[in-house]
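We did not get these values from a lab; they are worked out from the coordinates using the rules stated. No experiment lies behind these values; they were computed from the predicted model shown. Cβ sites come from the backbone with ideal geometry, for glycine too, and all protein chains shown count toward neighbours.
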Amino acid sequence: MKKPTQEFYTLLDNLYEYYNQKLFSNELPAVMFVITRKKNVFGYFISKRWQQTQELVSDEIAINPLMFGSYPMIEILKTLVHEMVHLWQYHFGEPSQRTYHNAQWGEKMQDIGLMPSATGEVGGKKTGQQMMEYVIPNGVFESVTKELFQLSETDIELNKIWFDRNILKGKLNPEIAQILLGIVPEVAAASNMELPNALEVTQGKKNKLTYICPSCKIRVWGKPELNINCNDCTEQMQAM
């Protein structure tokens, strides 16, 4: 009998342990995973959120399951590592209450192969309250993530990921099909992997789009065909 809860959280735990070993030399303590459906939030970290005994306390990392149906697996992995850097900073660094994503956090992100960026693109501000990131070419994160996708199914079963049916609506778009195979485009090309015929692949219509300000490059997430402006720049935001 399938055990969805066990499979869902075991996968997150295995991914955490993998990146803890590869990027943090197994320094990070075990963590409690939860899911959040908070709008426009991919994930977050909270220190000492859980307690079992007087001495046994655990930090929390939350992941939004809506990502699993809307974004490639690489985005989920970036979000996980993003929050792991917050956890690292809480235990071994000096987190800032004022800016949240401070310079030390940004330097650690770069050390492990992720570039902080307020816009998610080259040239974006590297510190601030809300922060995205992009993969540094030929960096450590890119290297160990490619290794991850090439592991056998008995190591980390990426193909057992569960999706929110409200996102899938019974069909798979090409990106989700790639997630089920546990691959990203560049790895698929390198290994000549193909989608199985059993998967019904359709492009589908996106439930939400990313809108970007052409001036300051700030991004928001919203329904298709929104007519919204950037209050700071008075520019109309454009759908990506």
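Points worth noting:
- Protection proxy ranking for 24-31, 46-53, using the average of other Cβ atoms within 10 Å per residue and placing the highest first: 24-31, 46-53.
- The GluC sites (Glu not before Pro) of region 107-155 that meet both conditions, a loop assignment by DSSP and at most 12 other Cβ atoms within 10 Å of the site Cβ, are GLU153.
- Highest to lowest packing among 72-80, 11-19, scored as the average C-beta count within 10 Å: 72-80, 11-19
- Listed residue pairs exceeding 30 Å between alpha carbons, taken from LYS146/LYS223; LYS2/LYS108; LYS125/LYS160; LYS48/LYS146; LYS38/LYS108: LYS146/LYS223; LYS2/LYS108; LYS125/LYS160; LYS48/LYS146
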